[in-house]
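In what follows, a single structure is set out as C-alpha cells and then discussed.
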Amino acid sequence: DAAIASAENLFKEGDYETSIAGFKSAQAINPSENYPKTRIAEIEKLITERTSRKEAYAIAIKNGDQSLGEKKYDPALSHYRNALSLLPGEEYPKQKIEEITALVATQKLLDENYKKSIAEADKQFTAKLFAEAILVYTKALELKPDETYPQQKISEAQNQLDLLKGKDE
C-alpha cells in the first residue's frame with residue numbers, strides 16, 4: 001500500500017517515469033494484484049500521448065514559422081493555434097498569434113489608406129487636376145512603394161501637365 005501511495009503521489013506530481021517504477025515495485029511485492037499493472041498501462045499510454053502531442057506541437061510550430069516567414073498569415077495563425085491547443089501552457093504560439101494579429105491589423109489599415117488615396121487621386125485625375133492628383137498618387141506610393149499603378153498615373157498626370165504647359169506657351 002505504501003508503494004502504491006508513493007507511486008500515486010509521483011503520478012499526481014507529473015513524474016510519470018518514476019511513478020511507473022513505483023508501481024512496478026508494488027507489483028513485485030504483490031504480483032497477483034492487478035491495480036499496479038493497470039496503472040502502469042495507463043501511465044505508459046499518457047506518456048505516449050504526451051510525446052505525440054509534443055511532436056505534433058513541434059511540427060505545428062515549424063509550419064507556423066515557415067508560413068509566417070512567407071507572409072502567409074492565415075495558415076500561420078492556424079498552425080500556431082493548433083500548437084496552442086496541443087500544449088496550452090506554451091507562450092511562443094501565444095506571442096506569434098499576437099504578432100500576426102497586429103501585423104494583419106496594420107496591413108488592413110495600410111490597405112484602407114492606400115485605397116482611399118488611390119480613389120482620391122483618381123478623382124483628381126478625372127477632374128483634370130493633375131498637380132493635385134500627382135500629390136495624392138505620391139502619397140499612395142509612399143504607403144505601398146512596390147505598387148506600379150500610382151507610378152503609372154503620376155507619369156500620365158505629368159504628361160498631361162506638360163501638354164497643358166505646351167499649349168500655354
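Structure notes:
- Filter pass, E99 being more than 22 Å from L164 (Cα to Cα), under 15 Å from the mean Cα position of the chain (by Cα) and surrounded by 12 or more Cβ atoms within 10 Å (Cβ to Cβ): yes
- Scope segment 119-169; condition among the aromatic types (F, W, Y) and open to solvent by 50 Å² or more (accessible area, probe 1.4 Å); matching residues: Y149
- Those residues of segment 152-169 which are free of Cβ contacts under 8 Å to residues at least 12 places away in the same chain and either within 28 Å of Q107 (Cα to Cα) or of a type in the set (V, I, T) (or both), in sequence order: Q152, S155
- Taken over segment 10-32, the criterion of being in a helix (DSSP H, G or I), small (G, A, S) and surrounded by fewer than 19 Cβ atoms within 10 Å (Cβ to Cβ) is satisfied by A21, S25, A28.
- Of the residues screened, A60 is not one that is surrounded by 15 or more Cβ atoms within 10 Å (Cβ to Cβ), modelled with pLDDT of 95 or more, in contact with a Gly (Cβ under 9 Å, 6 or more places away or on another chain) and over 30 Å from A3 (Cα atoms).
- All positions within segment 68-104 that are assigned to a loop (DSSP other than H, G, I, E, B) and under 23 Å from K54 (Cβ atoms): L87, P88, G89, E90
- The one condition from (1) surrounded by fewer than 17 Cβ atoms within 10 Å (Cβ to Cβ); (2) more than 15 Å from the chain's Cα centre (by Cα) that L87 does not meet is (1).
- Going through (1) farther than 30 Å from A140 by Cα; (2) of a type in the set (S, T, Y); (3) open to solvent by less than 60 Å² (accessible area, probe 1.4 Å) one by one, Y35 falls short only on (3).
The values are calculated or read from the model by the stated rules, or taken from the named source; none is laboratory data. Fair warning: this is a prediction, and the values are worked out from it, not measured in the lab. A quick note on method: Cβ atoms are made from the backbone with ideal geometry, for glycine too, and the neighbour counts reach across all protein chains shown. Protein only, heavy atoms only, side chains kept; ligands, DNA and RNA dropped before computing areas. Shrake-Rupley method; radii C 1.70, N 1.55, O 1.52, S 1.80 Å.
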